[in-house]
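**Student:** Here it is, the structure in full.
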Amino acid sequence: MLRAALIGLPSSGKTTLFQLMTSIHDTPRGKGDVNIGISKVPDERLDKLTAMYNPRKRVPATVEFTDIVATRGGAQALVDVAGYRNADALVHVVRAFRDPAVAHPAGSIDPARDAQTMEDELILADLGVAERRLERIEKDLKKGKSAELQKERDLVQRCKETLEHGTPLRALQLAGDDLKMLRGFQLLSAKPLLLVINLDENDVAEVGADVARAAEKTGLRSLLAHASTRAIALCASIELEISQLAADDATAFLADLGLSESGLDRVIRTSYDLLGYISFFTVGEDECRAWSTARGTPAQLAAGEIHTDIQRGFIRAEIVAYDALMARGSMAACREHGEVRLEGKEYVVQDGDIINFRFAT
Ligand SMILES: Nc1nc2c(ncn2[C@@H]2O[C@H](COP(=O)(O)OP(=O)(O)OP(=O)(O)O)[C@@H](O)[C@H]2O)c(=O)[nH]1
Ligand SMILES: [Mg+2]
């Protein structure tokens, strides 16, 4: 399951977005309180599979959201909260709505300044972690040299210099061993980040879902390029209202605003893109279910998403592509045409694969 954590200045709209994503409306408002909620991943393919199998249960993939009340303690306070430390991605809410009834902590509306303030906090928190780690490594190196430790020192040194230039670590696009080495340090600026521009009600119709235009209008263009983040634009309070309407009314309302997709759908889809996540399915009379995993995941590891027993006892994966199943109309027809493949544990799971894992316990 994908874990996302909401960050942003006070009153930027984090909890409003949390409510939109999780449909949890009675959220606590005390300082230090943490909201954790689950969002269902919308997926038309699961709807079609459910129509085909008519199962007792339909289970969508999920994304977990964490929202902390008031980040006034700075980003350093965030790393103490497990939901932030363990997040796969950060969702950074930036206020672009003007509403004078909602006081701004800095007294004026300036999305670029706010986004940079939050970014600086992440960078500062990480700089502290990097410096402490570096001191520790230097001490240990004096006691005895090890290739592994020297490698780590070079990496942490590089991180420190990057941060000192005001660049978040996500811009380094670390991979493989480097990424593994840093994973234990809870470096916030290294996490993939989705920036949500929380538009003003009056700008929604003009901006629509056009991120480039929203970035231009809110002065966020250069920050986005520098920080290597993805962004989307929406108005959290309007989206929250729309989400409480019946489906037909909601679609009509969105269309009026020139939007073809709800804010919830866009947040989830963009997060999946950002992280390179894909979905696969398990189907049957009992349950049709969507699962998510990182692109490039081998079948045996993907089986672990479902149950560690299936991963451990993995024998083969029986796989048919979603498109093939829809084109043939049934699993039996796919079998007849040789479209149900048997794959081994190294097979790389594809988006839309329908999988039956064979395993022994
Ligand atoms: N006009 C307008 N008001 C909004 C919008 N989004 C949020 N608000 C309002 O702004 C206020 C603060 O929103 P929250 O979602 O509580 O902000 P927050 O980031 O969770 O704030 P803290 O938890 O205090 O850090 C609330 O009164 C919201 O109703 C928006 O898009 N437009
Ligand atoms: Mg809040």
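The values are calculated or read from the model by the stated rules, or taken from the named source; none is laboratory data. Predicted model only: the values in this text are computed from it and were never measured. Ideal geometry is used to build each Cβ from the backbone, glycine not excepted, and the neighbour counts take in all protein chains shown. Areas reflect the complete protein model, heavy atoms only, side chains present, ligands, DNA and RNA absent. Shrake-Rupley method; radii C 1.70, N 1.55, O 1.52, S 1.80 Å.
**Student:** Expressed as a whole number of Å, what is the distance separating the alpha-carbon centroids of the range 188-242 and the range 315-359?
**Tutor:** Taking the Cα centre of the range 188-242 as reference, the centre of the range 315-359 is 39 Å away.
**Student:** Pop out the ³J(HN,Hα) list for the range 333-346 in order, Karplus 6.51 cos²θ - 1.76 cosθ + 1.60 with θ = phi - 60°, rounded to Hz; leave Gly and Pro as x.
**Tutor:** Working through the residues one at a time gives 5, 5, 4, 3, 8, x, 9, 9, 9, 9, 10, x, 5, 8 Hz.
**Student:** Exceeding 29 Å between C-alpha atoms, which entries from my cross-link table qualify? They are Lys180/Lys217; Lys40/Lys217; Lys40/Lys191; Lys48/Lys191; Lys14/Lys48.
**Tutor:** Lys180/Lys217; Lys40/Lys217; Lys48/Lys191; Lys14/Lys48
**Student:** Hey, another quick one. For the range 296-359, what is one quarter of the convex hull surface built on the Cα atoms, given in nm²?
**Tutor:** Quarter of the Cα hull surface area: 4.0 nm².
**Student:** Here is a further query. For the chain, evaluate the Debye formula with one uniform point scatterer on each Cα (no solvent term) and list log10 I(q)/I(0) at q = 0.07, 0.12 Å⁻¹, rounded to two decimals.
**Tutor:** So the normalised log intensities work out to -0.37, -0.99.
**Student:** Give the accessible area for Arg113 in Å² (nearest 10); use a 1.4 Å probe, count only protein heavy atoms, and leave out ligands, DNA and RNA.
**Tutor:** Accessible surface of Arg113 is approximately 70 Å².
**Student:** Quick one: ranking Ile306, Ile242 by accessible area, 1.4 Å probe, largest first, what do you get?
**Tutor:** My answer, sorted largest first, is Ile306, Ile242.
**Student:** Still on this structure, I have one more. Add -39500 (n - 2.57) for each DSSP H run of 4 or more in the chain, then divide by its residues: what number comes out at 222 nm, to the nearest 500 deg cm²/dmol?
**Tutor:** -13000 deg cm²/dmol, from helical runs alone.
**Student:** Under a point spin-label approximation (7 Å from Cα along Cα-to-Cβ), what is the Thr27-Ala82 distance to one decimal in nm?
**Tutor:** Between Thr27 and Ala82, the label points sit 2.0 nm apart.
**Student:** Arranged from highest to lowest average of other beta-carbon atoms within 10 Å per residue, in what order do the peptides 334-345, 85-96, 182-193 appear?
**Tutor:** With the highest mean Cβ count within 10 Å placed first, the list reads 85-96, 182-193, 334-345.
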